[in-house]
Amino acid sequence: MNKSRGKLILLIVAGAPLCYSALPSTSAATDYSTIRVRLTMSPSKPASVSITLSEAYKVKEKPSLTLPKGSYTVSSVSSGIRVRGQGVDQVFTSATTLQPTKESALMTVSKTTHGNIKYLGDMRFAKSSSSLTLTNYVALEKYLYGVVAYEMSNAFPIEALKAQAVSARSYAIKSFNPSRSYDIGDTASDQVYKGFNSSYKRVINAVDGTKGEVATYNGKIISTYYSASNGGQTEYPGNTWGGGDAKNKAYPYLTQKDDPYDLRNKYSIMQKIFVPKDVENSSDGISDSGIDADYVVRVVNVNEWANVRRDTSTTSEIVGRAPLNSMYKWIDTKGDWFQIEFEGDPAYIHNSVSQKVKNGSFAYKNPVLTDLQNSAYQVLKDSKSIENATDIKIVSVDEFKNGKERWPGTGSRNYVTAKGTLTVQYYSTKSDKISSSESVNVEMKLMNTSSSGSYLMGHDYLNSILRMRGVETTDGGYNVTNARYGHGVGMSQRGAQQMANEGKSYREIMAFYFDGTKITKMNTDDSSTDLPDRDDGEDTSTPALKVTSSTLNIGSNTITKVDEQTSVAKFMDAIKVENGKAELTDHSGKAKTSGTIATGDVVRIKDNKGSVKQTHNVIIYGDVSGDGAINIFDIAAIRRDILGVKSLSGVYKSAADLNSDSNINIFDIAAVRRHILGVKAIEQK
């Protein structure tokens, strides 16, 4: 049902400054021209807030009072709210609203969860016990300036930004809630909002170029879900979030389809591990560890390398880096640490990134071959009297294909196992000679399961930030593939970027990702204009998740503003979840309860039913190697990326982009070097 609303009325008093109030009328009907954004502060319940005004502001509760431009402190005091600065010292008994006298005026608010941020529009300060709550009353269109730039990047092509603007506007309007004191938050629990930055010209043009436009289906504003990339296929909401066909029917515009644009975008993260068909005659067939020891320690659960330390502590000196799948002589086990022989000397590596295995004739460095070898061992060990998995030689991988579907019968190309037929030989305890060749059928896991049976992204060698796994045939063998950064429902931001780069318009982008929808235009500046009904979609009786932090910056799928060497305990204490809980894993998906936070760690937000609703990847700027510290090894990683020796990707690339220019270059190396030398610390923002 369409709703009518009263018009905004502006009174101009002779001799008084013109006040551009963003506050809506007092009509009981919803006014969509202005959105009320609750700011998240750091700390979360401040007793006082410092602000800076670029122009004069009026005080709504005392129209005769004008605040000159300059700095002020707004405090919660026993008698109300105190505003002090620039010769002004006033206490107001109720909430206080500051209104700019010029439409372009900016208020800088210090210590929000996003830092010191500039805001357009009115700012309402309300007293809550002994603390303050801040709500930004801002024109809907101007609000979007502070959203689109952070849900995408200002560097994206204009048509992709326009698609993001339409999506963000649609989400914002569906969030209007006249029954409470604000409409929407400023974190990833709703949409990340960081005020106004005049330098983001492309974003501003994208918002202005789609003014008033929302996506609708059968006359109702839709749920415009999006994620970074989808791995080449959009996903049904009933698969990703549960609910099956009933959920899918509630969102008929969120369909499953191939997305060639996402695949063609070079910035879409995809991991591929090649598995040769003819193993015996390939470089991967060189399988002897070359180590004279009964046991070896293999490096696992890392993207590139693991730290090797002087002693059994995460604060102990790093003596070197051990590459993924490299093997070392095992000397001893001390608690959670393996003592190994590293470059001729004893050293230590943590068991979360390594595994102790029986040395043998065939210890493969290719992680998939090792997985297949272990699977063959489970099939043959008893009937063939094989003592160790490394006693099995893989001659060839005759067949390798997708196994169990994650969501059977839905058409999703997301698999939890892979099946293969191998030709193997082996040493038996009954003979000193290697056996003749024989065939064995095996199945290996692409996803692990929890004790409750749910699937986990953590894996020994597959990147845990990616969610879509499978096997494909290629020249000379097969690839194990790992893609989809995010939930995969609705619009792929990388797909939208590619479509725009190929000349597609934002309307074509929206039509591709949201089937059967239309772009509906309305005048969001005029409160008398009716908007389409808001299709609530989700069951509103379910308590909404809210994730906040007084010290960390919680983005749509990242957490930043984390100091190096931050302990796990301190980090987790800083995350507050309403109607749910936060769980921490390392990059491989293993639970992390001690030690220090590092780039690549993952925070999963679960609702009260235990379902994962949000995933946030930790980024510590400068910690490119993922050990939680900023040191010379990070310089080496950046240098390898620049030289094309080993490219950085995902959160590790983000951690290396210290100049925020979307490029990895010598200036980023210089920033790390200055940090190490103590000249200038890297800002965690």
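Residues of the range 169-205 with the amide nitrogen closer than 18 Å to a label point 7 Å from the Cα of T108, along Cα-to-Cβ, please.
What the label zone holds, given the 18 Å backbone N cut-off, is 194-200.
Need the full-extension length gain, S383 to D294, defined as separation in residues times 0.36 nm minus the C-alpha distance. One decimal, nm.
Length gained, S383 through D294: 29.6 nm.
So what are the three principal axis dimensions of the range 46-129 from its Cα atoms, in whole Å, longest to shortest?
That works out to 33, 33, 20 Å along the principal axes.
Angle between the Cα long axis of helix 632-643 and the longest principal axis of the chain, 0 to 90 degrees, nearest 10?
Taking the Cα atoms of the chain, the angle to 632-643 is about 90 degrees.
Give me the dipole magnitude in Debye, nearest 20, for the chain about the Cα centre, with unit charges on the beta carbon: positive for Lys and Arg, negative for Asp and Glu.
I would put it at about 2140 debye.
Put one equal scatterer on each alpha carbon of the range 289-359, apply the Debye formula with no solvent term, and list log10 I(q)/I(0) at q = 0.24, 0.29 1/Å to two decimals.
Rounded to two decimals, the profile gives -1.06, -1.54.
Output needed for the range 241-376: three equivalent-ellipsoid semi-axes, defined as square roots of 5 times the C-alpha gyration tensor eigenvalues, in descending order, whole Å.
38, 22, 15
If you line up the Cα atoms of the chain on their principal axes, what length do they span on each, largest first, in Å?
104, 56, 43
Cα to Cα, under 20 Å, and not fewer than 8 places away if on the same chain: which lysines meet these conditions relative to K201?
Straight-line reach from K201, under 20 Å: K118, K142, K162, K211.
Which lysines have a Cα lying under 23 Å from the Cα of K329, excluding residues fewer than 8 positions away in the same chain?
K356, K358, K365, K393
Tilt of helix 158-174 relative to the longest C-alpha principal axis of the chain, in degrees (0 to 90, nearest 10)?
The angle comes out near 70 degrees.
Take the residue pairs K334/K384; K419/K646; K45/K576 and return only those whose Cα atoms are more than 23 Å apart.
K334/K384; K419/K646
How high is the FRET efficiency between F274 and D245 when r is their beta carbon distance and R₀ equals 41 Å, given to the nearest 0.05?
Between F274 and D245 the formula returns 0.60.
Could you work out how far apart the two model spin labels at N281 and S316 are, taking each label as a point 7 Å from the Cα in the direction of the beta carbon, and quote it in nm?
4.6 nm
For the chain, what is the relative contact order in percent, using Cα pairs closer than 8 Å and at least 6 residues apart in sequence?
13 percent
Assigning unit charges at the beta carbon (Lys, Arg +1; Asp, Glu -1) and nothing else, what dipole magnitude in debye, to the nearest 20, does the range 65-145 show about its Cα centre?
About 160 debye.
How charged is the neighbourhood of Y261? Take every other residue with its Cβ under 13 Å from the Cβ of Y261, and add Lys/Arg as +1 and Asp/Glu as -1.
Around Y261, the surrounding residues sum to -1.
Just order 429-440, 32-43 by mean Cβ neighbour count inside 10 Å, highest at the front, would you?
In descending order of packing, they fall as 32-43, 429-440.
Considering only DSSP beta bridges where both residues belong to the chain, give the percentage that are antiparallel (nearest 5).
The antiparallel fraction comes to roughly 95 percent.
Using a simple spin-label model with points 7 Å from Cα along the Cα→Cβ vector, what separation in nm is obtained for N663 and T93?
6.1 nm
Between S129 and E55, what's the calculated FRET efficiency when r is the beta-carbon distance and R0 is 35 Å? Round to 0.05.
FRET efficiency, S129 to E55: 0.65.
For the range 547-677, take N as its residue count and report Rg(C-alpha) divided by 2.2 N^0.38 Å.
Output field value: 1.08.
For R507 and S361, compute 0.36 nm times the residue count separating them, minus their Cα-Cα distance, and round to one decimal in nm.
Extending this stretch completely gives an extra 46.6 nm.
Please work out how much length the chain gains when fully extended from N579 to E304, using 0.36 nm per residue of separation minus the C-alpha to C-alpha distance, in nm with one decimal.
95.3 nm is the gain from fully extending N579 to E304.
I need the peptides 417-425, 469-477 ranked by packing, meaning the mean over residues of other C-beta atoms within 10 angstrom, with the highest value on top.
Descending packing order for the listed peptides: 417-425, 469-477.
By how many degrees, 0 to 90 and rounded to 10, does the Cα axis of helix 367-380 deviate from the longest principal axis of the chain?
Long axis of 367-380 versus the principal axis of the chain: about 60 degrees.
Applying a 10 Å radius around every beta-carbon, put 387-396, 100-109 in order of their mean neighbour count, most first.
387-396, 100-109
Whole Å is fine, so just give me how far the alpha carbon centre of the range 342-415 lies from that of the range 242-301.
Cα centroid of the range 342-415 versus Cα centroid of the range 242-301: 15 Å apart.
Please list the non-local residues whose amide H lies under 5 Å from the amide H of K613, H modeled 1.01 Å from N, same-chain partners needing a gap of 5 or more.
Excluding prolines and chain starts, which carry no amide H, the hits are I605, K606, D607.
Computed from the coordinates by the stated procedures, all read-outs in this text should not be read as laboratory data. For clarity, every value in this text was computed on a predicted model and none was experimentally measured. Cβ sites come from the backbone with ideal geometry, for glycine too, and all protein chains shown count toward neighbours.
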